[in-house]
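One structure is given below, encoded as C-alpha cells.
The values are calculated or read from the model by the stated rules, or taken from the named source; none is laboratory data. Source: prediction; values computed, not measured. Ideal geometry is used to build each Cβ from the backbone, glycine not excepted, and the neighbour counts take in all protein chains shown. When the accessible area is computed, the model is the full protein with side chains, heavy atoms only, and any ligands, DNA or RNA have been set aside. Shrake-Rupley method; radii C 1.70, N 1.55, O 1.52, S 1.80 Å.
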Amino acid sequence: MMKKVLALCLSGYSALALAGFDVVALGVDGGVSDGNLTSYLIRSDNQPQYLALDAGSLLPGIAKGLEKGSFPQVTPELAAPYTPQGYVFRQLIGAYFISHGHLDHVAGLIIGSPEDSKKNIYAQADTILTLRNHYFNWKAWPNFTDSGNGSRLGTYRLQTVRPQQRVTLGMTGLSGVMYPLSHDRYPSSMLLVSDRSGSFAYFGDTGPDALEQSRNLDGAWRALGPLIEQKKLKGMIIESSYPNEVEDKNLYGHLTPAWLLKELKNLTQYSGGEGSLKDFPVVISHIKPSLKQGQDVRATIKQQLEQGNDLGVKFILMEQGDRQTF
C-alpha cells in the first residue's frame with residue numbers, strides 16, 4: 001500500500017508547486033456549521049501523507065477539496081477499491097494532531113472513526129484524557145483507541161505530547177514541538193510543525209495573554225520569532241473568532257482582529273523588530289459565523305485585519321476545500 005501511496009504522490013507532482021508545505025482546509029468555521037468545523041491538512045511537498053491539524057470536519061472537507069481540485073494526485077483508478085474521498089481519509093491522512101478537546105475540533109474524527117485506518121493521535125495530556133474519558137468511552141461513542149474504558153478497538157493510538165519536546169508525527173515525514181495555550185483558562189496548544197527545510201505553526205483556540213492572564217502566547221512568539229528572522233517559518237494558522245465589536249468579557253478565550261494584531265506586534269520584538277513580519281503569511285481560522293441577516297462576519301474580520309495591519313502581514317482567509325502552498 002505504501003508503494004501505491006508513493007506512486008500517487010510522485011504522479012501528482014507535475015500539478016504541484018514545490019513550495020515547502022502543502023495545506024488543504026477541510027473546515028474553517030469556529031463552530032455552528034457542523035459540516036465545516038476547524039481542520040487543516042499539512043504535508044511536506046516531498047511526502048505523500050498529510051498530518052491533520054485538528055479534525056472538526058473531515059469527510060465533508062475532503063469532498064469539497066476534491067471538488068476544487070485540491071488533491072490533484074488522487075484519481076478514481078488510484079483510489080480503488082475506495083472512493084477518492086475514502087482514499088484521502090484512510091490513506092493520505094497519516095496522523096492527527098488535536099489542539100484541545102472541544103467538540104468542534106474533534107467531531108469529524110469521532111464520527112469518521114469506524115471507517116478510518118490505524119493511525120496515531122498526538123495531543124497534550126489534557127486532550128488525550130478528554131478523548132479517552134469523554135468521547136471514546138462506549139457512552140458517547142465506541143472506544144476506537146488503544147486505552148481507556150471497555151473493549152479497545154485500537155484504530156487509534158493515543159500519543160501524549162509533552163510541552164517543548166520534539167515528536168515524530170507518524171509516517172508523515174514531519175516532526176512537531178507543542179507549546180501550551182490558554183483558551184478561557186482551558187488548556188489548548190500550538191504545534192510547530194517542521195521538516196528538513198522549514199517550519200509551520202498551527203494554533204488551536206487561544207485568547208490574548210492580557211485577558212487570559214497568561215504568558216503562553218508570549219512563549220509561542222519567543223519560539224517563532226527567531227525562525228521568522230531566519231526565514232525558516234513558512235507561515236502560521238491562527239484564529240480570529242469574533243469581530244472587534246464583541247466585548248472582551250464575551251470572547252471566552254478567543255481573539256478578535258484587534259487582539260490578534262496586538263499579539264503579532266508583540267511577536268515583532270522577537271522576530272527582528274519593525275518590518276520583520278512584512279509579507280509573512282498568516283491564515284485566519286475559526287471565524288464564528290453569524291445567523292443574523294445581513295451580517296458577513298468573514299468580510300468584517302478581513303476588513304478589520306487589513307485596516308489595522310501596519311505590520312505588513314499577508315492575511316489569508318481560506319475557504320473550505322482550498323489548497324495553499326507555503
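Within the range 25-36, identify whether any single residue is modelled with pLDDT under 95, open to solvent by 10 Å² or more (accessible area, probe 1.4 Å) and either of a type in the set (Val, Ile, Thr) or farther than 29 Å from SER240 by Cα (or both), and answer yes or no.
Looking for residues that are modelled with pLDDT under 95, open to solvent by 10 Å² or more (accessible area, probe 1.4 Å) and either of a type in the set (Val, Ile, Thr) or farther than 29 Å from SER240 by Cα (or both), one finds at least one in the range 25-36, hence yes.
Collect the residues in the range 136-160 that are assigned to a loop (DSSP other than H, G, I, E, B) and hydroxyl-bearing (Ser, Thr, Tyr), keeping them in residue-number order.
Result: SER147, SER151, THR155.
State whether the residues of the range 193-209 include one that is under 24 Å from LYS288 (Cβ atoms), open to solvent by less than 10 Å² (accessible area, probe 1.4 Å) and either among the acidic types (Asp, Glu) or free of Cβ contacts under 8 Å to residues at least 24 places away in the same chain (or both).
yes
Being assigned to a loop (DSSP other than H, G, I, E, B) and within 22 Å of GLY235 (Cβ to Cβ) is the filter here; which residues of the range 161-196 pass it?
VAL161, GLN164, ARG166, LEU169, GLY170, THR172, GLY173, LEU174, ASP195, ARG196
I need the full set of residues from the range 49-67 which are open to solvent by 10 Å² or more (accessible area, probe 1.4 Å) and outside any loop (DSSP other than H, G, I, E, B), in order please.
LEU59, PRO60, ALA63, LYS64, LEU66, GLU67
Checking GLY321 against (1) open to solvent by 30 Å² or more (accessible area, probe 1.4 Å); (2) at pLDDT 95 or above; (3) not in a strand (DSSP E or B), which test does it fail?
(1)
Collect the residues in the range 91-104 that are closer than 21 Å to SER175 by Cα, of a type outside the set (A, V, I, L, M) and within 18 Å of the chain's Cα centre (by Cα), keeping them in residue-number order.
Answer for the range 91-104, where residues must be closer than 21 Å to SER175 by Cα, of a type outside the set (A, V, I, L, M) and within 18 Å of the chain's Cα centre (by Cα): GLY94, TYR96, PHE97, SER99, HIS100.
Might you check whether a residue that is open to solvent by less than 40 Å² (accessible area, probe 1.4 Å), among the small types (Gly, Ala, Ser) and within 13 Å of LEU26 (Cβ to Cβ) occurs anywhere in the range 75-83?
no
Residue-wise test of (1) out of contact with any Phe, Trp or Tyr (no Cβ under 9 Å at 6 or more places or on another chain); (2) free of Cβ contacts under 8 Å to residues at least 12 places away in the same chain.
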site	(1), (2)
LYS139	yes, yes
PHE144	no, no
GLY150	no, no
SER175	yes, no
LEU191	no, no
GLN230	yes, yes
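Limited to the range 297-318, what total is found for residues that are in a loop (DSSP other than H, G, I, E, B) and either open to solvent by less than 90 Å² (accessible area, probe 1.4 Å) or among the small types (Gly, Ala, Ser) (or both)?
7
Has the range 27-42 got any residue that is over 9 Å from the mean Cα position of the chain (by Cα), polar (S, T, N, Q) and part of a strand (DSSP E or B)?
No: zero hits.
Please verify whether SER99 is out of contact with any Cys (no Cβ under 8 Å at 6 or more places or on another chain), more than 13 Å from ALA55 (Cβ to Cβ), at pLDDT 95 or above and assigned to a loop (DSSP other than H, G, I, E, B), treating the condition exactly as stated.
No.
Quick one: which of ILE93, ILE110, ILE42 is open to solvent by less than 40 Å² (accessible area, probe 1.4 Å) and farther than 23 Å from VAL283 by Cβ?
Matching residue, one of ILE93, ILE110, ILE42: ILE110.
To keep it simple, each residue is scored yes or no on (1) within 21 Å of the chain's Cα centre (by Cα); (2) farther than 15 Å from ILE98 by Cα; (3) open to solvent by 20 Å² or more (accessible area, probe 1.4 Å).
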position: SER147; (1), (2), (3): no, yes, yes
position: ARG166; (1), (2), (3): yes, yes, yes
position: THR172; (1), (2), (3): yes, yes, no
position: ARG185; (1), (2), (3): yes, yes, yes
